[in-house]
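Trainee: Here's a structure for you.
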Amino acid sequence: MEARTKNLVKKLERSVFAGNRAAAAEELGKIGDPGAVPALINALGHSNPKVREAAVEALGKIGSPGAVPWMIKLLNDPEKSVKKAVLSTLGKIGTPEAVSGLVNALNYPDKFTQKEAVKALIKIGSSEAVSGLTKALDNPENFVRRASVIALGKIGTEDAVRGLIKALEDSDDQVRQKSVEALGKIGSYEAVPKLMETLKDSKLSVQEAAAKALCMIIGPDMPVPLLIKVFEAPNRDVRKASIEALRSIETTEAVSGLVRALDDPDWYLRNRAVEHLGDIASPEAVLGLVKALDLHENAVRKAIAGVLGRIGTPASVSGLIKCLEDSDSSVREVAVVGLGRIGTQEAVSGLLKALKDSKSSVREASIYALGTLGTNEAVPDLIAALEDPEPSVRKTAVGALEKIGTPDAISGLHDALDNPDGSVRKAAAKTLEKIDKSNTVEELGKILEDTGSSEREAAAESLGKIRTPSAVSALIQALEDSDSSMRDAARAALLETMGTSNSVPILIMGLDAPDKDVRSASVEGLERVGTADTLPGLIKALDDPDWYVGSTAVKALEKIGTADVVPVLRNCLRDDDSNIRIEAARALGNINNTSSLEEFEFVMELEEGGAGDEAGVKAGILAEEAGVKAGILAEEAKVEAGIRAEEGVGVKEEEEEEEKRVEEGAGVETIGGYPECKPCTESIGPVSSINPDSDNPEDWIEIGGELDYPEAMDYSDSSVEAEVASITGETVKSEAFGMPHKRGFEEEEKDIPSCPACSATLELPFEPNFCPFCGVRLKK
């Protein structure tokens, strides 16, 4: 023994102060000299708990097995700190005697001792510890057995698993549940059979724990026979885990297990087994699926048919053809879809067989599959299917013939145009429109004569999309149909087909039709084409008796806008119809980038005797401009009247006040020699003399001329002239119109006509059928 150790032992044994003894024990533990063990054992009986605790910890650091019996006695120590130190030290020493002491500690009534004993035994983890814990499972106290199960689960050795399996038969449900949970975490396959029995435990919580434990244990590494045995488990989740595990294995043995899973009582698990067999797609899997067709209910057979169609091997084709004899039509339909996906010659034979199925959905699926495959040998059967009693089957047959597209198929579609079913005729017409336009127009023309309005309109739409001269001709003839809806459909179809120059000759022919709707549609078509070859037809349309046809022709000429068009439009300025003249002047202005009036004056300068026409066209152009300005003034007047109304000024008071001002001579004041309008304070031009009864034009007020008037008071507007005259009581002359306009306070002459719309005097030399100021049409 070293001198330092001797001094510490002396201090441990003789010191008056307990603190010094505890410090000495702690130092001896750090030194680890075995010679100090007897003195430390003696210190275990000291009256001070700190000395006892320090001595126990020192013995644990030295690791002396001889001190175990003395420490076990301290398990009855009243101080928790001492007991905790003893249990921890026994766990560090770990001898059989220490393990025995720890197992005995599980019998202590206080939970603290039990908990610390379990920790110590887990730390030891030896076979002796497991053996001791397993023996403790026979303890009559439930809490001892529970603690033992927890310790065995933490140790997790094979011996511990056996002890846990033994605990599955314990009378206490908490012991069983904790044992199940421990086995699930360990993941031992050895426990699977016993856990499956536990699925039938009387306690629901134990059953659920067993199912969860089995799902944790089951996996691809688990032996296949054991996975198959799991199919016997009453729990659905456990069986599902086994089926999913077998999917990952993909061996022959696993395929056999999945085929067996097709008998599972749960429909979802049966379908999962079918899907997994399809994923494996081995010859054994296909053979198992085909055999299962004779053993299982409709839902499984339907799932098998879908999987066989996805696999696509010759063996699966054989199974699908077998499915065509199934009593369930949904199984047969799925089989047809699968055969269509495979597309081999054997599969096509099965599809042709399915065309005679008693169920329309099966026949329809077969027709669609044959069309997708483009099987020419199926054309006769598909043509025969056009007579099927089901409309959907007939329509699908039309689509299949379109996809095949051979001469025989097209011939069958032409025959379908005479089918008694209108929907078949309509579908065939649309299909032929895509395949063979030249041979379709005649057939569509026949449909136009059918009594069914919707079919005729569909035929017109198809003709519009074909866009050949013969199609356009048929549509123009349809414009004379007695049915208004048919005429509308033909007109819409014509507008659809008028994008190419191929239709120009037919459209020009349409201009000779007696019906104005036909001529209107034709000229609209020429306008839409807008090419140079439409010029002869448009010139012809200018002579049409209907004003709309002529005006549309002028617009079309404007759209063309070439040099050849200008002389034609200038010639239109001499047309008898004012609408044509005005449209022509506007068109020329847009083409030459000039005003409409300049274009007209240019033409009049080239020819003599055009004064009357000049006045008429000028009047038409200016009347339209005046109408726009009058509308603006009227709107402004409404706004001003609204403002005055808000300010509390009545219209009647205003009129009385205005008359009073006029009587007092306040209507016009002169500024700089020029009269000023009282209501608007604007200068209205030089005044020579005010004599409303004079026949001398020199005595009239000149409005316009040299002054620069504001834009808000445009004196070329007849409404402005009327307004000025009403204020001044004078006759005014508008230089924009180049003619006098009499109006004063005196009553107008009764024999002078006026416009009912704008009240303008109409003694001017204008066309009698419209007002030159507002453009409204008049009766003679």
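Trainee: Cross-link list 322/356; 80/115; 111/212; 84/123: which exceed 22 angstrom alpha carbon to alpha carbon?
Mentor: Over 22 Å apart, Cα to Cα: 111/212.
Trainee: Where the accessible area of the range 220-280 is counted over protein heavy atoms with a 1.4 Å probe, how much of it, in %, is carbon and sulfur?
Mentor: 46 percent
Trainee: Then there is this: Going through the cross-link list 83/203; 11/119; 11/50, which pairs have a Cα-Cα distance over 27 Å in this structure?
Mentor: Distance filter (> 27 Å) returns 83/203; 11/119.
Trainee: So with the 1.4 Å probe, I'd like the accessible area per residue for the range 31-130, rounded to whole Å².
Mentor: Here the per-residue accessible area is 43 Å².
Trainee: Also: Skip the ligands, DNA and RNA, and give the accessible area per residue of the range 220-280 with a 1.4 Å probe, whole Å².
Mentor: 44 Å²
Trainee: Ignoring any ligand, DNA or RNA, what whole percent of the accessible area of the range 526-592 comes from carbon and sulfur when the probe is 1.4 angstrom?
Mentor: For the range 526-592, the apolar C and S fraction of the accessible surface comes to 49 percent.
Trainee: Quick one: if the Förster radius is 60 Å, what FRET efficiency do residue 216 and residue 415 give, using the C-beta to C-beta distance and rounding to 0.05?
Mentor: Calculated transfer efficiency: 0.30.
Trainee: Let me ask you something else. Pop out the ³J(HN,Hα) list for the range 401-416 in order, Karplus 6.51 cos²θ - 1.76 cosθ + 1.60 with θ = phi - 60°, rounded to Hz; leave Gly and Pro as x.
Mentor: Calculated HN-Hα couplings, in order: 4, 4, 5, 5, x, 6, x, 5, 5, 5, 4, x, 5, 4, 5, 5 Hz.
Trainee: Counting only protein heavy atoms and a 1.4 Å probe, tell me what percentage of the range 294-340's accessible area is made up of carbon and sulfur.
Mentor: The nonpolar share, carbon plus sulfur, comes to 54 percent.
Trainee: For a protection proxy built on the mean count of beta-carbon atoms within 10 angstrom, sort 147-154, 37-44 highest first, please.
Mentor: Sorting 147-154, 37-44 by mean packing, highest first, produces 147-154, 37-44.
Trainee: Give me the extension gain from residue 42 to residue 346: residue separation times 0.36 nm, minus the current Cα-Cα distance, reported in nm with one decimal.
Mentor: Here the segment from residue 42 to residue 346 would lengthen by 99.7 nm.
Trainee: Be a star and scan the range 286-310 for residues whose amide nitrogen sits under 13 Å from the point 7 Å along the Cα-to-Cβ vector of residue 353.
Mentor: Of the residues in the range 286-310, none has backbone N under 13 Å from the label point off residue 353.
Trainee: Pull up all non-local amide H partners of residue 343: gap of 5 or more, or a different chain, and H-to-H distance under 5 Å with H placed in the peptide plane.
Mentor: The list, which skips near neighbours in sequence, is empty: none.
Trainee: Mind ordering 78-88, 302-312 by average Cβ neighbours within 10 Å, highest first?
Mentor: Those peptides, ordered most packed to least, come out 302-312, 78-88.
Trainee: Using the heavy atoms of the protein chains and a 1.4 angstrom probe, tell me the accessible area per residue for the range 333-385 in square angstrom.
Mentor: On a per-residue basis, the range 333-385 sits at 43 Å².
Trainee: Work from the charge dipole of the range 220-280 (Cβ charges, +1 for Lys and Arg, -1 for Asp and Glu, about the Cα centre) and give the residue of 255, 268, 223 farthest towards its positive end.
Mentor: Sorting the options by dipole projection puts first 268.
The values are calculated or read from the model by the stated rules, or taken from the named source; none is laboratory data. Computed from a predicted structure; not experimentally measured. Because the Cβ atoms are built from the backbone with ideal geometry, glycine has one as well, and the counts that use them run over all protein chains shown. All accessible areas refer to the heavy atoms of the entire protein, side chains included, with ligands and DNA or RNA removed. Shrake-Rupley method; radii C 1.70, N 1.55, O 1.52, S 1.80 Å.
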